[in-house]
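Only one structure is covered here, and it is reproduced in the block below.
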Amino acid sequence: MADERENDALENAEGEMTIIGHLTELRNRIGIVFACFIVMFIVSVIRPFGEGSQSIADIVYVFLQAPLADVLLERGGRMIFTGLHEGFFTQIKVAFFTSLCITFPLLLAQIWKFVAPALYKNEKGAFLPFLIATPVLFAIGAAMVYYLVIPLAWQFFISFETIGGTGALPIEVEPRISEYLSLVMRLMFAFGISFELPVILLLLVKAGLVSPDGLASKRKYAILLAFVAAAILTPPDVISQVLLAVPVILLYEMSIIAARFIAKPEAE
């Protein structure tokens, strides 16, 4: 009886050590990602060649404001900041955004290294494509914002400028740098997350939580939710809302088609 109790105690101790080992590994991997984020944040803020040089955050901000600059420079426009601290905190936001984008693939890699040892070979082959597709789809969504949505939206908003005449003052746009940056980052984040829809739906199908027929039957609700989400996440103009809702609906349809290919071999 005593021997059995000792064996049970040893098994519990081994199990406890195993759990602690997993938690320690998880802590270490999170620490690696966090340390890399801090290093990239500091590197992004520092101006290596003195006051007149550009930091990585400066270069990224120039890249983010390029679509607006292409429109405003034709009219002699400019960007402003109204608070003494606004320019500084704008650089901090850009550095945070840059560091997050750089360390995001590292985060996915650490998640894979943590999860992969617990998976069988066929499970690794099934899970790895979803992990690879996550940053790719996010980048496609962000690129669509930068190269398609933003230029059209800015042209629409700036079209409301008016030239002053007799008894009327001119109306000119002078965007604040913090407001512009927040809008661009929100649009990129909204489109990037929305383009992750196939990954989420196919993982749910793979886990058996939803079926292709179930997704097809909920198509009308998906279309409604796509336009509601677009109205919330994008500026209040029809162009950007449609440019977000339509790709999301197309991705939903593509997810249904891909789900049928996934569900068929599993059923067989």
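Here, each number is a calculation from the coordinates, and none is a lab measurement. No experiment lies behind these values; they were computed from the predicted model shown. Here the Cβ is made from the backbone with ideal geometry for all residues, glycine too, and neighbour counts use every protein chain on show.
Miscellaneous remarks
- Computed over the chain, the per-residue total of -39500 (n - 2.57) for DSSP H runs of n ≥ 4 gives a 222 nm mean residue ellipticity of -26000 deg cm²/dmol, rounded to 500.
- Calculated on alpha-carbon atoms, Rg and Dmax of the chain in Å: 25.0, 103
- Here the residues Phe160, Phe191, Phe97, ranked from fewest to most Cβ neighbours within 10 Å of their Cβ, fall in the order Phe160, Phe97, Phe191.
- Extended-chain gain in nm, criterion 0.36 nm per residue less alpha-carbon gap, Leu73 and Phe88: 3.0 nm
- Each of Ser217, Thr234, Ala245 was placed along the dipole of region 212-268 (beta-carbon charges, centred on the mean Cα), and the one lying farthest toward the positive end is Ser217.
- Largest GNM mean-square fluctuation across Val145, Val210, Val248, computed for the chain with C-alpha springs under 10 Å, falls on Val210.
- Rounded to the nearest 20 debye, dipole of the chain from Cβ charges on Lys, Arg, Asp, Glu: 660
- Within the shell defined by Cβ-Cβ distances under 14 Å, the residues around Gln110 carry a net charge of +2, with Lys and Arg each +1 and Asp and Glu each -1.
- Among complete DSSP H helices in the chain, those whose alpha-carbon atoms stretch at least 15 Å along the helix's long axis and whose mean Kyte-Doolittle hydropathy reaches 1.6 are 56-72, 219-233.
- If R0 is taken as 25 Å, the Cβ-Cβ distance between Leu250 and Ser211 corresponds to a FRET efficiency of 0.75.
- Spatial extent of region 148-268: Rg and Dmax, with the Cα atoms as the point set, Å: 20.1, 78
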